[in-house]
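Notes follow once the structure below has been shown.
The values are calculated or read from the model by the stated rules, or taken from the named source; none is laboratory data. Everything numeric here is computed off the predicted structure, so don't read it as measured data. Here the Cβ positions follow ideal geometry from the backbone for every residue, glycine too, while neighbour counts run over all protein chains shown. Side chains included, ligands, DNA and RNA excluded: accessible areas come from the protein's heavy atoms. Shrake-Rupley method; radii C 1.70, N 1.55, O 1.52, S 1.80 Å.
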Amino acid sequence: MEITEVRVTLRNEDKLKAFANVTFDDEFVIRGLKIINGNSGYFVSMPSRKRSDGTHQDVAHPINNRMRQK
């Protein structure tokens, strides 16, 4: 699997620094990634949707630590 395209839209907010879309193998895209400046440094927040109870659920995410590291 190869990353074939990355699009980044910069933001000038306190914690939210950018939105990103990533395309794999010119066939699969994940839109709405957030680049966050957290207490321990930068991290990527996967896209999520708000549930009826007010909590959020990830829409796309790695299912194991090996894939998370990739």
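Could you please find all residues in segment 12-33 being of a type in the set (Lys, Arg) and modelled with pLDDT of 95 or more?
Lys15, Lys17 - these are the residues of segment 12-33 that are of a type in the set (Lys, Arg) and modelled with pLDDT of 95 or more.
I need every pair where a residue in segment 36-52 that is farther than 19 Å from Arg68 by Cα and part of a loop (DSSP other than H, G, I, E, B) has its Cβ under 8 Å from the Cβ of a residue that is of a type in the set (S, T, N, Q) and open to solvent by 60 Å² or more (accessible area, probe 1.4 Å), sequence separation at least 6 or different chains.
Arg51/Gln57
Taking the condition of being out of contact with any Asp or Glu (no Cβ under 9 Å at 6 or more places or on another chain) and open to solvent by less than 100 Å² (accessible area, probe 1.4 Å), how many residues in segment 12-44 meet it?
Residues in segment 12-44 being out of contact with any Asp or Glu (no Cβ under 9 Å at 6 or more places or on another chain) and open to solvent by less than 100 Å² (accessible area, probe 1.4 Å): 16 in total.
How many of the residues making up segment 53-70 are assigned to a loop (DSSP other than H, G, I, E, B), modelled with pLDDT under 85, loosely packed, with under 10 Cβ neighbours inside 10 Å and of a type outside the set (A, V, I, L, M, F, W, C)?
Residues in segment 53-70 being assigned to a loop (DSSP other than H, G, I, E, B), modelled with pLDDT under 85, loosely packed, with under 10 Cβ neighbours inside 10 Å and of a type outside the set (A, V, I, L, M, F, W, C): 2 in total.
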